Amino acid sequence: MVFKRLMQAMGVGGPSVETVLTNPNCRPGGYLEGNVHVIGGEHPTDIEYVAVGLITRVEVESGDSEYHSDQEFHRQRLTGSFRLDPGARHDVPFRFDVPWETPITEVYGQHLHGMTMGLTTELEVARAVDKSDLDAVAVHPLPAQEKILEALLRLGFRFSRADVERGRVYGVQQELPFYQEIEFYPPSAYASGINQLELTFIANPRTLQVVLELDKRGGVFTEGHDSFGSFTVDYQTLDHTDWARELDTWLRQSASRRGLFF
């Protein structure tokens, strides 16, 4: 009997959990739908709760070093406690709201190099080992984000990679404890002054905050510099602006202020 209780505490013969998403594709501010299937094990089990959450890989700076950590940033509890008999099946349908500031992982059908995103399912088992499941999720850009990305591509910028960094963007209202940076290689027209362009989106239900950072090339007698700029996109007036022209103007003005010309 003691051995049997020990095996139960280790999760042997316990319940299993599997999450099936109706569609793994979503957008910031949208939702994910699916079902969590909980299957009873070899003995009756008291389930404390079932919960789902979004998790991504975050880069953390600590002193002079950096490391990556998987961070859950939004969670939704789906059930309270319930009793699960041996072999019984308990299905939990859900609709999970995706935060507006969720980093994007896909652009024009291509996965952004460096990005990971998943929906994790946790089955909290009383007095035993917890069970979990992880499903890949693809986060596509909002129409406003697509407009800005499209404008950069029209100017000749090319995707490099993307990552998520723990911290806050200065001067921007931000809810999540991290932000995404999407990096671009510059076209030849800008390459003499710009080494790299980094783009950050901070979205909310009404507007999109766009933050740009230029990594400037250093000269023979000068060091490289970083230049920041930001602007707000109103979803209601999104189609009234030539974003490629706006971005080109900002890039040239920013470079000119630093004495760089292209």
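The values are calculated or read from the model by the stated rules, or taken from the named source; none is laboratory data. None of the values given here were measured: they were computed from a predicted structure. Every residue, glycine as well, gets a Cβ built from its backbone with ideal geometry; the counts of neighbours run over all protein chains shown.
Listing for the model above:
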quantity	calculated
Condition broken by His140, with the remaining ones in (1) in contact with a Cys (Cβ under 8 Å, 6 or more places away or on another chain); (2) within 17 Å of Ser16 (Cα to Cα) satisfied	(2)
Boolean, Ala126 is among the aliphatic types (A, V, I, L, M), farther than 23 Å from Tyr235 by Cβ, surrounded by fewer than 21 Cβ atoms within 10 Å (Cβ to Cβ) and in contact (Cβ under 8 Å) with a residue 40 or more places away in the chain	yes
Test for Thr79: is it at pLDDT 95 or above and hydroxyl-bearing (Ser, Thr, Tyr)	yes
Answer residue from the stretch 195-223, given it is modelled with pLDDT of 75 or more and among the charged types (D, E, K, R) and is surrounded by the fewest Cβ atoms within 10 Å (Cβ to Cβ) among those	Arg206
Checklist (1) touching a helix residue (DSSP H, G or I) at 6+ places or on another chain (Cβ under 9 Å); (2) closer than 17 Å to Phe157 by Cβ; (3) at pLDDT 85 or above applied to Thr249, failing item	(1)
Only listed residue being of a type in the set (A, V, I, L, M, F, W, C), over 19 Å from Ser160 (Cβ atoms) and not in a strand (DSSP E or B), chosen from Val129, Val92	Val129
Failed condition for Tyr185, given (1) buried (at least 19 other Cβ atoms within 10 Å of the Cβ); (2) under 18 Å from Val107 (Cβ atoms)	(1)
Single condition Thr45 does not satisfy, out of (1) farther than 20 Å from Ile202 by Cα; (2) surrounded by 14 or more Cβ atoms within 10 Å (Cβ to Cβ); (3) in contact with a Ser or Thr (Cβ under 9 Å, 6 or more places away or on another chain); (4) touching a residue at least 60 places away in the same chain (Cβ under 8 Å)	(3)
Single condition Glu124 does not satisfy, out of (1) among the charged types (D, E, K, R); (2) over 17 Å from Gly41 (Cβ atoms); (3) touching a Phe, Trp or Tyr at 6+ places or on another chain (Cβ under 8 Å)	(2)
Single condition Lys131 does not satisfy, out of (1) under 30 Å from Gln236 (Cα atoms); (2) assigned by TED's automatic domain parsing to the domain that holds Gly63	(1)
Conditions (1) surrounded by fewer than 16 Cβ atoms within 10 Å (Cβ to Cβ); (2) in a loop (DSSP other than H, G, I, E, B); (3) not assigned by TED's automatic domain parsing to the domain that holds Gln236; number of the one not met by Thr79	(1)
Selection count where residues are part of a strand (DSSP E or B) and either within 25 Å of Ala162 (Cβ to Cβ) or not aliphatic (A, V, I, L, M) (or both), scope the stretch 103-126	11
Enumeration of residues in the stretch 134-148 that are part of a loop (DSSP other than H, G, I, E, B) and surrounded by 18 or more Cβ atoms within 10 Å (Cβ to Cβ)	Val137, Pro141, Leu142
